[in-house]
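Asker: Right, I'll just put the structure down here and ask away after.
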Amino acid sequence: MSRAAAVGLMLIATLAPLSAGADTGSGKKRRPLPSEFGRVVLEPVGEKGTLPAVVFEHWLHRSKFTCRLCHVDIGFAMKAGGTSVKAADNEAGYYCGACHNGKLVVQGQKVFASCAKATPSQACYRCHSVGKNVVPEIDFASLTRNLPRGRFGNGVDWEKAEQAKLIHPIDELDGISIKRQPITAQKDFALSPKLEGMPEIIFSHKKHTVWSGCEGCHPDIFVGVKKGVTKYTMVEIFDGKYCGVCHSSVAFPTLDCQRCHVRAVQ
């Protein structure tokens with residue numbers, strides 16, 4: 001069995017993002033490789049045994065689309081497997097089918113169609129690739145080679161990559177997104193940690209709204225929209241709640257303390 005197939009079988013067993021790591025038995029979780037971070041494996045809904053599980057790479061999609069477009073306008077759940085996408089949904093133009101329709105052109109390249117009614121063919125394995133020796137058209141190393149480096153996660157500073165115009169994530173999709181008047185982002189503000197001596201957090205709405213808009217966080221993750229209304233702890237964040245919804249699985253992980261705790265205590 002190839003290494004890729006072994007990894008795929010492990011993913012099926014857990015049905016969780018590889019960004020969460022794997023328990024080695026020593027209490028310390030295995031840190032995923034940069035190309036694995038954010039990877040989600042999804043079992044076909046209602047078609048178990050017909051096709052292998054789908055491997056979804058967040059790094060590829062976030063290089064082309066904002067989080068808001070997929071998780072707000074298109075409607076994907078934030079939790080792996082929480083959407084229960086069916087082939088019929090994709091055929092009708094929902095979820096994956098909103099982009100993977102064989103018509104949409106992104107950055108000069110036509111996006112291949114997903115889920116045809118015909119008998120499963122070789123084309124299906126572009127997504128249903130667990131256990132298959134599938135060579136991707138776009139590989140991780142080539143896509144990220146010239147992007148700013150990050151310490152953890154994918155090893156990429158996606159924020160800097162967007163600011164430097166090295167990537168151009170699409171935030172609206174014709175026929176899916178509704179044109180709206182943007183809300184002016186609040187100014188950056190400081191959050192003081194309860195642990196004495198820990199540097200303060202400088203939270204930037206501007207940086208977050210580029211990727212997630214307001215709707216990506218409010219009200220599903222943070223009910224309150226006023227500073228201090230929603231109370232949470234680092235334990236809850238480490239448990240995948242609040243900031244940890246994204247910063248444990250796709251955005252830079254909580255290992256990177258100094259990406260948030262940036263201002264020394266005066």
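Asker: Output the number of the condition that R149 fails; it satisfies all remaining conditions of (1) without any contact (Cβ under 8 Å) to a residue 60 or more places away in the chain; (2) open to solvent by less than 30 Å² (accessible area, probe 1.4 Å); (3) in contact with a Gly (Cβ under 7 Å, 6 or more places away or on another chain); (4) closer than 30 Å to I202 by Cα.
Answerer: Of (1) without any contact (Cβ under 8 Å) to a residue 60 or more places away in the chain; (2) open to solvent by less than 30 Å² (accessible area, probe 1.4 Å); (3) in contact with a Gly (Cβ under 7 Å, 6 or more places away or on another chain); (4) closer than 30 Å to I202 by Cα, only one is false for R149: (2).
Asker: Further, regarding this structure: Could you figure out which of (1) surrounded by 13 or more Cβ atoms within 10 Å (Cβ to Cβ); (2) assigned to a strand (DSSP E or B) isn't true of T209?
Answerer: (2)
Asker: Scan the stretch 221-238 for residues that are open to solvent by 70 Å² or more (accessible area, probe 1.4 Å) and closer than 26 Å to R149 by Cα and jot them down.
Answerer: M234, F238
Asker: Can you name the condition, by its number, that D174 falls short on among (1) open to solvent by 50 Å² or more (accessible area, probe 1.4 Å); (2) at positive phi; (3) at pLDDT below 95?
Answerer: It is condition (2) that D174 fails.
Asker: Follow-up. Check whether at least one residue in the stretch 133-141 is surrounded by 12 or more Cβ atoms within 10 Å (Cβ to Cβ) and over 21 Å from the mean Cα position of the chain (by Cα), and report yes or no.
Answerer: Yes, there is a match, as at least one residue in the stretch 133-141 is surrounded by 12 or more Cβ atoms within 10 Å (Cβ to Cβ) and over 21 Å from the mean Cα position of the chain (by Cα).
Asker: Another one. Of the residues L33, L69, L9, L60, which is assigned to a loop (DSSP other than H, G, I, E, B) and either at pLDDT 95 or above or open to solvent by 20 Å² or more (accessible area, probe 1.4 Å) (or both)? It would help to see each step written out before you state the result.
Answerer: Working: L69 fails: assigned to a loop (DSSP other than H, G, I, E, B); L9 fails: assigned to a loop (DSSP other than H, G, I, E, B); L60 fails: assigned to a loop (DSSP other than H, G, I, E, B).
Step by step, each of L33, L69, L9, L60 is checked, and only L33 is assigned to a loop (DSSP other than H, G, I, E, B) and either at pLDDT 95 or above or open to solvent by 20 Å² or more (accessible area, probe 1.4 Å) (or both).
The values are calculated or read from the model by the stated rules, or taken from the named source; none is laboratory data. Computed from a predicted structure; not experimentally measured. Using ideal geometry, Cβ is built from the backbone for each residue, glycine included, and neighbour counts are taken over all protein chains shown. The protein model used for the area step is the full one, side chains on, heavy atoms only, and it has no ligands, DNA or RNA in it. Shrake-Rupley method; radii C 1.70, N 1.55, O 1.52, S 1.80 Å.
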